[in-house]
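All remarks here apply to the structure that follows.
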Amino acid sequence: MSKRKAIILGFFTVLPFVYFILFLSFFIFSFISMSSNTGNPVDMFKLILPLHLSTMLLIMVLMIIYIIDVFKNNAINSDKKALWAIVLFFGNMIAMPIYWYLNIWKVIQKKES
């Protein structure tokens, strides 16, 4: 994988965390507005629903990309490939940035030096 592709993949890997912060902010704002009777939570829900669905789709696509990379990546020992696939599947939003750093970014850095 080229350095440019790795940076783009890393950017999209971090996006679910950014969305998670936005989603938590949405819920906090919804509870505050419901308690003070200001704003309409339904309007906010219409805004957050497309973001939520697109983030879920992004996570699924990233999971497929990472699991395929696990089995194609020669830098990972063959006895650890199944373990990485399971970790990526069950801990996707947390495990993907870790996998990206350890098995994509570090490999690219080693090739450059």
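Anything in region 64-80 that is open to solvent by 30 Å² or more (accessible area, probe 1.4 Å) and part of a helix (DSSP H, G or I)? List them, or say none.
Across region 64-80, the qualifying residues are ILE64, ILE65, ILE67, ILE68, ASP69, PHE71, LYS72, SER78, ASP79, LYS80.
Among the numbered conditions (1) of a type outside the set (D, E, K, R); (2) exposed (fewer than 14 other Cβ atoms within 10 Å of the Cβ); (3) in a helix (DSSP H, G or I), tell me where ILE104 comes up short.
(2)
Give PHE31, PHE11 a once-over and let me know the one that is open to solvent by 100 Å² or more (accessible area, probe 1.4 Å), assigned to a helix (DSSP H, G or I) and at pLDDT below 80.
PHE31
The values are calculated or read from the model by the stated rules, or taken from the named source; none is laboratory data. All figures in this text were calculated on a predicted structure; none of them were measured in a lab. Here the Cβ is made from the backbone with ideal geometry for all residues, glycine too, and neighbour counts use every protein chain on show. Please note that ligands, DNA and RNA were not included when accessible areas were found on the heavy atoms of the full protein model with its side chains. Shrake-Rupley method; radii C 1.70, N 1.55, O 1.52, S 1.80 Å.
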